[in-house]
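**Student:** Dropping the structure in here first, questions after.
Since every read-out is calculated from the coordinates, none of them should be taken as a lab result. Owing to the predicted nature of the structure, the values given are computational and were not obtained by experimental measurement. Quick reminder, even Gly has a Cβ in these numbers, built from the backbone with ideal geometry, and neighbours come from all protein chains shown.
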Amino acid sequence: MNKVAVIGGGASGLMAAITAARNGARVCILEHKDRIGKKILSTGNGRCNFTNLHQEPICYHSENVLFPWKTIEKFSAQQTIAFFLELGIYSKNRNGYLYPQSDQASAVLDVLRMEARRLGVEVHTETECREIVPNKNGFLLRTNTKDYRAQKVILAAGSKAAPSSGSDGSGYTLAKQLGHRLVPVLPSLVQLKCRENFYKSVSGVRVGGSVSIYVDGECQAKDTGEIQLTGYGISGIPVFQVSRCAAIGLYKKKTVTAELNFMPDFTEEQFLAFLQKRIAARPMKTAEEFFVGLFHKKLSELWLKLAHLDRTRPVGEWTKEEIQNLTNLIQHFFTEVTETNPFDQAQVCRGGVNTEEVTDTLESRFVPGLYFAGEILDVDGLCGGYNLQWAWSSGYVAGKEAANA
Ligand SMILES: Cc1cc2nc3c(=O)[nH]c(=O)nc-3n(C[C@H](O)[C@H](O)[C@H](O)COP(=O)(O)OP(=O)(O)OC[C@H]3O[C@@H](n4cnc5c(N)ncnc54)[C@H](O)[C@@H]3O)c2cc1C
C-alpha cells in the first residue's frame with residue numbers, strides 16, 4: 001500500500017490526507033503546531049467563508065496565469081459544497097459567499113478531523129519537518145522527533161501569512177532545499193500604510209467607495225466596497241483586493257499611489273450637479289453643516305481642511321473653483337502607499353513555489369513523488385472564499401495523484 005506523508009495539517013493538508021486515504025493510501029500528517037487546522041478557525045471572522053459560487057479564472061492569480069484554474073476545474077466549488085455536505089456541513093449562502101449554516105469555522109475543522117480519523121489518517125502534532133530526503137524507496141522525512149518514511153510526500157506547509165497559525169515559511173525552505181525557486185513572497189489581502197499625516201484624524205471611519213492602485217502612474221487594480229480608514233492608512237475588503245498590486249509595486253521600489261473615490265456611483269458631471277443643487281437648496285448652511293447626512297463628520301472636516309475652506313462660511317459663498325476643488329478631492333483622493341502591513345496581518349501571500357516547476361498533477365518536476373498543495377504554491381485568490389477553494393482543490397488533486405501514482 002502506498003504510504004503518503006502530508007507535511008502541514010492546514011486546509012490543503014487535511015483535504016490532501018482525506019483524499020489520499022479515500023484513494024486507498026496509508027496516510028500520515030506531520031504538523032509542527034500542537035493542533036491541526038489552526039488557521040481554518042480564524043477564517044471569515046471565525047465563520048469560515050469556505051468557497052464562493054461565483055467562480056472564474058480571474059478569481060485566482062499566479063505568475064503562470066493559466067495554472068490555478070486547471071486545478072480548480074478538477075475540484076470545483078460545487079464539488080466542495082457536496083464534499084462538505086456529505087460530511088455534515090449545510091451551507092449558508094450570503095450573496096454567493098458560502099459559510100457553514102452554524103456560522104462556526106470550528107465546524108469545518110471538526111468535520112475534516114472526524115473524516116481523517118474515520119479513514120485512519122495518523123496525525124503527528126508538534127512534529128516539524130526539517131528535511132525531505134528523496135531516496136530509492138521514496139522519501140525520508142527528518143523531523144524534530146524522529147525520522148518518517150513515505151513513498152510519496154505532499155508539501156502543504158502554507159505560506160508566511162498569519163505565522164502564529166503555524167505557516168512560518170518553513171515550507172518554502174523545504175522546497176528550496178529540493179531545488180525549487182520561489183516567486184517573491186509578499187503579504188496580500190492586507191491593509192496599506194499611507195504617507196500623509198492626517199490619517200489619525202479620520203481613523204475609524206468606514207465609507208463606501210472605490211480604490212484604485214497606481215504603480216508608477218499606471219492603474220493596476222480597482223475595487224469597490226466598504227473602505228476603512230485607519231490611523232496609518234487604508235483597510236477594508238476593496239483595499240485587500242488591490243493590495244497584491246501595491247505589494248509587488250513596492251517590492252520593485254516603484255511609486256505606489258491609491259486613488260479613493262468616495263462617490264463612485266456618480267460621474268464627475270453628476271456629482272458636480274448634485275453638489276450645486278444641494279448648495280442652491282441650502283445656501284446659508286455653513287460648510288460644516290452642509291455635509292451632515294452625506295459624509296462622516298471626520299471626513300468632511302478633512303476635505304474642508306485640505307480644500308482650505310472655512311467651516312463656518314455659508315456654502316452659498318463658495319466659488320466655482322472651490323466647488324470643483326471639493327468634488328475632485330471627494331472623487332479623486334490620491335494618497336501615497338508606503339508599505340503593506342506585515343505578514344502577521346496578511347490573510348494570504350502572493351508568490352510562492354514557482355508553478356512552472358510543478359506539473360498539472362501538482363507533482364514536482366524535479367523530485368518525482370513530491371507533490372504540493374495550498375498556499376505554498378504561487379497561487380492566491382480574491383478575498384471571498386477563493387483561497388480556501390484553492391486549498392480544497394489543490395489538496396484534492398495532490399492527494400488523489402499521490403495515492404494513485
Ligand atoms: C485571518 C484570516 C482569515 C481568512 N479568511 C479566509 C476566508 O474566510 N476564506 C478563504 O477562502 N480564505 C481565508 N483565508 C485564507 C486561507 O485561510 C488560507 O489561504 C488557507 O487556509 C491556506 O491553507 P494551507 O493549507 O495552504 O496553509 P495553512 O492553513 O497555513 O496550513 C499550513 C500548515 O502547515 C504547518 N507547517 C508549516 N511548516 C511546517 C513544517 N515544517 N512541518 C510541519 N508542519 C508545518 C502549519 O503549522 C500549518 O498548520 C484567511 C486567512 C487568514 C489569515
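**Student:** Taking H as built 1.01 Å from N, whose amide H comes closer than 5 Å to the amide H of Thr338, not counting residues under 5 places away?
**Tutor:** Placed amide hydrogens put Lys193, Cys194, Arg195 under 5 Å from Thr338.
**Student:** Tell me the label-point distance for the pair Leu119, Ala405, using the 7 Å Cα-to-Cβ offset, in nm and rounded to one decimal.
**Tutor:** 1.7
**Student:** Oh, and also: Mind ordering 357-365, 273-281, 124-132 by average Cβ neighbours within 10 Å, highest first? Please report the intermediate quantities before stating the final value.
**Tutor:** Values: 357-365: 18.8, 273-281: 13.3, 124-132: 16.9.
My ranking of the peptides, most packed first, is 357-365, 124-132, 273-281.
**Student:** Something else now. Can you flag which of Lys152/Lys400; Lys38/Lys152; Lys33/Lys160 are past 18 Å Cα-Cα?
**Tutor:** Lys38/Lys152
**Student:** If one takes the longest principal axis of the Cα atoms in the chain, at what angle in degrees, from 0 to 90 and to the nearest 10, does the Cα axis of helix 237-251 lie?
**Tutor:** 80
**Student:** Related question: With the contact rule set at Cα under 8 Å and sequence spacing of 6 or more, what percent relative contact order holds for segment 107-233?
**Tutor:** 13
**Student:** For every helix of n ≥ 4 consecutive DSSP H residues, a contribution of -39,500 (n - 2.57) applies; sum these over the chain, divide by its total residues, and give [θ] at 222 nm rounded to the nearest 500 deg cm²/dmol. Please list the in-between numbers first.
**Tutor:** On the way: 13 runs with 136 residues, N = 405.
Estimated from H runs of four or more residues: -10000 deg cm²/dmol.
**Student:** Still on this structure, I have one more. Got the relative contact order for the chain handy, in percent, Cα pairs under 8 Å and 6 or more residues apart?
**Tutor:** 26
**Student:** Between Glu226 and Ser203, what is 0.36 nm times their sequence separation minus the Cα-Cα distance? Round to one decimal in nm. Before the final figure, lay out each step's value.
**Tutor:** Working: separation 23, 0.36 × 23 = 8.28 nm, distance 1.42 nm.
Value of the extension gain: 6.9 nm.
**Student:** Give me the distance in nm between label points sitting 7 Å out from Cα along the Cα-to-Cβ direction at Leu294 and Lys146, one decimal.
**Tutor:** 7.3
**Student:** Within segment 206-250, find all residues whose amide N lies under 13 Å from a label point positioned 7 Å from the Cα of Phe274 along Cα-to-beta-carbon.
**Tutor:** Counting only backbone N, you get 208-210.
**Student:** Same structure again: With Cβ to Cβ distances under 14 Å as the rule, what net charge do the other residues near Ser394 carry (K, R +1; D, E -1)? Let's see the in-between values first.
**Tutor:** Details: positive: Lys70, Lys74, Lys400; negative: Glu73, Asp360, Glu363, Glu375, Asp378, Asp380, Glu401.
Here the count lands on -4.
**Student:** Stretch Glu259-Glu321 to full length: gain in nm at 0.36 nm per residue minus the Cα-Cα span? Each step should come with its number before you reach the end.
**Tutor:** Working: separation 62, 0.36 × 62 = 22.32 nm, distance 2.11 nm.
Between Glu259 and Glu321, full extension yields 20.2 nm more.
**Student:** Under the 0.36 nm per residue contour assumption, what length would be gained going from the current alpha-carbon distance of Arg35 and Lys305 to full extension?
**Tutor:** Numbers: separation 270, 0.36 × 270 = 97.20 nm, distance 5.20 nm.
This chain segment gains 92.0 nm when fully extended.
**Student:** What order do you get for 307-317, 220-230, 2-12, 186-196 when each peptide is scored by the mean count of other beta carbon atoms within 10 Å, highest first?
**Tutor:** Ranking, from highest mean packing down: 2-12, 186-196, 220-230, 307-317.
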